[in-house]
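Colleague: Below you will find the structure I want to go over with you.
The values are calculated or read from the model by the stated rules, or taken from the named source; none is laboratory data. Not measured: the values here are computed from a predicted model. Virtual Cβ from ideal backbone geometry, glycine too; neighbours counted across all protein chains shown.
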Amino acid sequence: MHLGRTTLSKFLIQQLNGIEGATDLGALLVDVAAAVKAISAMTAKGALGGYLGELGSKNIQGETQQKLDVLANDVMIRSCEWGGLVAGMASEELEEPYPVPVEYSRGRYLLVFDPLDGSSNTDVNVSVGTIFSVLRHDQSQPPAANDFLQPGRVQVAAGYAIYGPATMLVVTVGKGTHGFTLDREIGNFILTHPNLQIPIDTSEFAINTSNARFWEPPVHRYVTECQAGKTGDRERDFNMRWIASMVAEVHRILMRGGVFMYPRDTKDLGKPGRLRLLYEANPISFLIEQAGGRATTGQQRLLDVIPESLHQRVPLILGSYNEVARIERYHAEHANGVDRPYTSPLFNERSMFRPEARL
C-alpha cells in the first residue's frame, strides 16, 4: 500500500497538534530518532566496527555490559542532553539519574531508556533494540530519582527501535501505535505501519520454558493448555516462539498478534520479576495498549503499578487482549483457590490403569 512519504517530523506535527508542550515533545522525539540512527549504524557494522563483545564491566543490575550497551547509552545521552528539552534522564546502564549539564538549559521532560535491549544477542546477529519513555517534569528544580517514579499511565510518549533487516521505530504519543522504517538513502524515518492493531485472539505464545520449574500454577496451567493443542481444553494448536530479545518479541506481536510472558517465578526470590518497570515494561505496555492489546503483571494492569525504585523489576504478560485476559483470570482463580491444580503429564494416570481402560 502506498502511504506517501510521511516523515516522522511531519507525522509528529500532525499528531501533537493541540497538545500542551507539543513543540518540545516533538523535538525530543526527533532527537531520540537521531540517536536511533546512530545506534543502528553501529549495530549494522558489528564486528567490522569493533563494536561486539563484552566490555569487562557490569551495570547496576549486575549484568555484564556489552561494548554496544555503553556506546548506545552514550549516544542517547549526547543526542538529548543539549537541546533544552529534558530535565534529566535515567538509563538501565546508570545507577542514578543523569542530570543535564549546567551549560545546557533544562526542559520539561524526563527521558528513561534501555539503550540496547537484548544486547547479549549482538554477537550472534539476532535483532536487538532501544526502548524509551517520556515523562513530564513541570518543576523548576532539577529532578531527583523520585521524580522518575511515575506510573506508566502518565507517560506522554513511548517507543522502541528494532535493529533488524530494516531499522524500525515504533512510537505512541497516546494516539495509537505507529511504525516508521528508516530509509537509509535519505536518512529519514518514513511512516510505513500506521495505526497498528493487535488481533484480540491468537494461537501463538512466547515464554522461556527452561524456567518452567519455577513458574506459578496459573502460568503452568496456561502453557500446558497451549501445549495440549487440539486434544486439550483449547481445542486448537498453538505455536511457541522465544527470541530472548523483548523488542523482537513485542515487534512480532504488534505485527501479527501473540502473547509474551516473562512472569513472576521462584527462581530468585529477591526479584519478583525480570523486566525493569520504568524503561522496559512501562513503555512497551503503553505501546501494546495503544494498539488494542493488554498488559498485566498477572495481578494488575501494568500501567497502574506505582514505581518504588528506579531499577524496579516486575513480571510482565502482554499481547492479544483475550489471551492476556485469560491468563489474568487464571491468576485470579488461583488466588481464590478455585483453579484446577497443575499436574505434570509425567504423573497423569496411564491409560491401562484408568477405570474405563479396565472395562
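Colleague: Here are some residues: 100, 86, 112, 124. Which one is under 21 Å from residue 164 (Cα atoms) and in the same structural domain as residue 167 (by TED's automatic domain parsing)?
Modeller: Values: 100 fails: under 21 Å from residue 164 (Cα atoms); 86 fails: under 21 Å from residue 164 (Cα atoms); 112 fails: under 21 Å from residue 164 (Cα atoms).
Just one listed residue meets the conditions, 124.
Colleague: Within region 174-193, identify whether any single residue is in contact with an Asp or Glu (Cβ under 6 Å, 6 or more places away or on another chain) and touching a residue at least 24 places away in the same chain (Cβ under 8 Å), and answer yes or no. Spell out how you get there, then give the answer.
Modeller: Of the residues in region 174-193, the ones in contact with an Asp or Glu (Cβ under 6 Å, 6 or more places away or on another chain) are 190.
Next cut, touching a residue at least 24 places away in the same chain (Cβ under 8 Å) only: 190.
So far as region 174-193 goes, yes, one or more of its residues are in contact with an Asp or Glu (Cβ under 6 Å, 6 or more places away or on another chain) and touching a residue at least 24 places away in the same chain (Cβ under 8 Å).
This table checks each residue for (1) assigned by TED's automatic domain parsing to the domain that holds residue 293; (2) closer than 22 Å to residue 288 by Cβ; (3) hydrophobic (A, V, I, L, M, F, W, C).
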{"residue": "212", "(1), (2), (3)": "yes, no, yes"}
{"residue": "218", "(1), (2), (3)": "yes, yes, no"}
{"residue": "223", "(1), (2), (3)": "yes, yes, yes"}
{"residue": "235", "(1), (2), (3)": "yes, no, no"}
{"residue": "238", "(1), (2), (3)": "yes, yes, yes"}
{"residue": "248", "(1), (2), (3)": "yes, yes, yes"}
{"residue": "253", "(1), (2), (3)": "yes, yes, yes"}
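Colleague: Let me ask something else about it. Does region 214-225 contain at least one residue that is surrounded by 16 or more Cβ atoms within 10 Å (Cβ to Cβ), over 18 Å from residue 333 (Cβ atoms) and not charged (D, E, K, R)?
Modeller: No, region 214-225 has no match at all.
Colleague: Checking the conditions here, which among 229, 179 is of a type in the set (Gly, Ala, Ser), farther than 26 Å from residue 338 by Cα and at pLDDT 95 or above?
Modeller: Details: 229 fails: farther than 26 Å from residue 338 by Cα.
Just a single option satisfies the conditions, and that option is 179.
Colleague: Looking at region 319-332, can you tell me whether even one residue there is buried (at least 24 other Cβ atoms within 10 Å of the Cβ), assigned by TED's automatic domain parsing to the domain that holds residue 244 and part of a loop (DSSP other than H, G, I, E, B)?
Modeller: yes
Colleague: Of all residues in region 9-37 being free of Cβ contacts under 8 Å to residues at least 24 places away in the same chain and not in a helix (DSSP H, G or I), which is surrounded by the most Cβ atoms within 10 Å (Cβ to Cβ)?
Modeller: The qualifying residue surrounded by the most Cβ atoms within 10 Å (Cβ to Cβ) is 20.
Colleague: Also: Restricting attention to region 292-304, which residues are assigned to a loop (DSSP other than H, G, I, E, B), surrounded by fewer than 21 Cβ atoms within 10 Å (Cβ to Cβ) and touching a residue at least 12 places away in the same chain (Cβ under 8 Å)? Can you show your working first?
Modeller: Our first condition is that a residue be assigned to a loop (DSSP other than H, G, I, E, B); within region 292-304, this holds for 292-293, 297-300.
Next, only the ones that are surrounded by fewer than 21 Cβ atoms within 10 Å (Cβ to Cβ) stay: 292, 299-300.
Scanning region 292-304 gives 292, 299.
Colleague: Can you pull out the residues in region 183-218 that are closer than 30 Å to residue 15 by Cβ and in contact with a His (Cβ under 6 Å, 6 or more places away or on another chain)?
Modeller: Passing the criteria: only 194.
Colleague: If a residue has to be part of a loop (DSSP other than H, G, I, E, B) and closer than 13 Å to residue 323 by Cβ to count, how many in region 218-270 make the cut? Reasoning before the result, please.
Modeller: Restricting attention to region 218-270, the residues satisfying the condition of being part of a loop (DSSP other than H, G, I, E, B) are 232-238, 242-245, 257-258, 263-264, 266-270.
From the residues that got through so far, the ones that are closer than 13 Å to residue 323 by Cβ too are 234, 236, 238, 257-258.
Of the residues in that region, 5 qualify.
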